[in-house]
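Peer 1: Provided herewith is a single structure, encoded as structure tokens, for subsequent inquiry.
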Amino acid sequence: MRYIQIFILSLIFAAQISVSQTKTGKGFIASFGGGLSFPMNEPNFKDNYDYGLNICFMGGYKLNNLYLVRGGIHYNRFTYSEIGNGTGSFKAVVMNAEILIGAFSTKHKYHPYGIFGTGIYFLSSKLTLNGINYSPTENDIGLSAGGGIILDLSKNIGVFAEAQYNYMFNDGSVKGFLPFIVGLSFAP
């Protein structure tokens, strides 16, 4: 239920973004997308889980033609590899803050960028192994880094593609994952 509330608040936030870009290229930006996430690092995670789906909603502010700050919510779901007598899934809901450094000039149609951020990771899994149910959860902090590109379709709408490695600080077996995301961005 908590995740649904966070999701609804993110939608409201994205819908309320209505400030126009100025001649200097400053302004709000909203985006949403989805794609595939791949488990990385720790053998217990990358060997026991398959790639999964992700969706994201993000909003931010373009400070100038070089820097953009944004926050977002990302949902990632991995399915348990069917090894032996096990079934289940692993979910990571991420609320993050990021800085994007790139070529955000309105003169160009392509805008490559690098991403650096931090976030709170809400992790949960539901597993059934040999008839026994497990449902561990934990909350962690972490860092992320990656890159992407935006292609302008019009003055206010673009498509983006990005990959961003997420590393969580915890003492469990889940240390990181790599989502690949494709979506739409809006700069009203």
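Peer 1: Would you mind checking the range 121-164 for residues with the amide N under 16 Å from a putative spin-label position 7 Å along Cα→C-beta of ILE101?
Peer 2: 144-148
Peer 1: Further question: Please compute the Kirkwood hydrodynamic radius of the range 48-98 from all pairs of different C-alpha atoms, in Å with one decimal.
Peer 2: Result for the range 48-98 stands at 13.0 Å.
Peer 1: Looking at ASN133, MET58, SER154, which one has the Cα that reaches farthest to the positive end of the dipole of the range 52-184 (charges on Cβ: Lys, Arg +1; Asp, Glu -1)?
Peer 2: Going by the Cα projections, it comes out as SER154.
Peer 1: Please work out, to two decimal places, the log10 of the ratio I(q)/I(0) at q = 0.11, 0.19, 0.20 Å⁻¹ from a Debye calculation in which every Cα of the range 30-188 carries one identical scatterer.
Peer 2: Calculated log10 I(q)/I(0) at the listed q: -0.46, -1.10, -1.19.
Peer 1: Can you give the alpha-carbon Rg of the range 119-161 over 2.2 N^0.38 Å, where N counts its residues?
Peer 2: 2.08
Peer 1: Would you check the range 32-174 for Lys pairs whose C-alpha atoms are within less than 18 Å, ignoring same-chain pairs closer than 8 in sequence, and give me the count?
Peer 2: Final tally of qualifying lysine pairs is 8.
Peer 1: Based on the Cβ-Cβ distance from ILE157 to SER89, what FRET efficiency comes out when R0 is 30 Å, to the nearest 0.05?
Peer 2: 0.35
Rule-based calculations on the coordinates, nothing more; no lab input. Nothing here was measured: the structure is a model prediction, and the numbers come from that model. Neighbour counts are summed over all protein chains in view; Cβ atoms, including those assigned to glycine, are modelled from backbone coordinates with ideal geometry.
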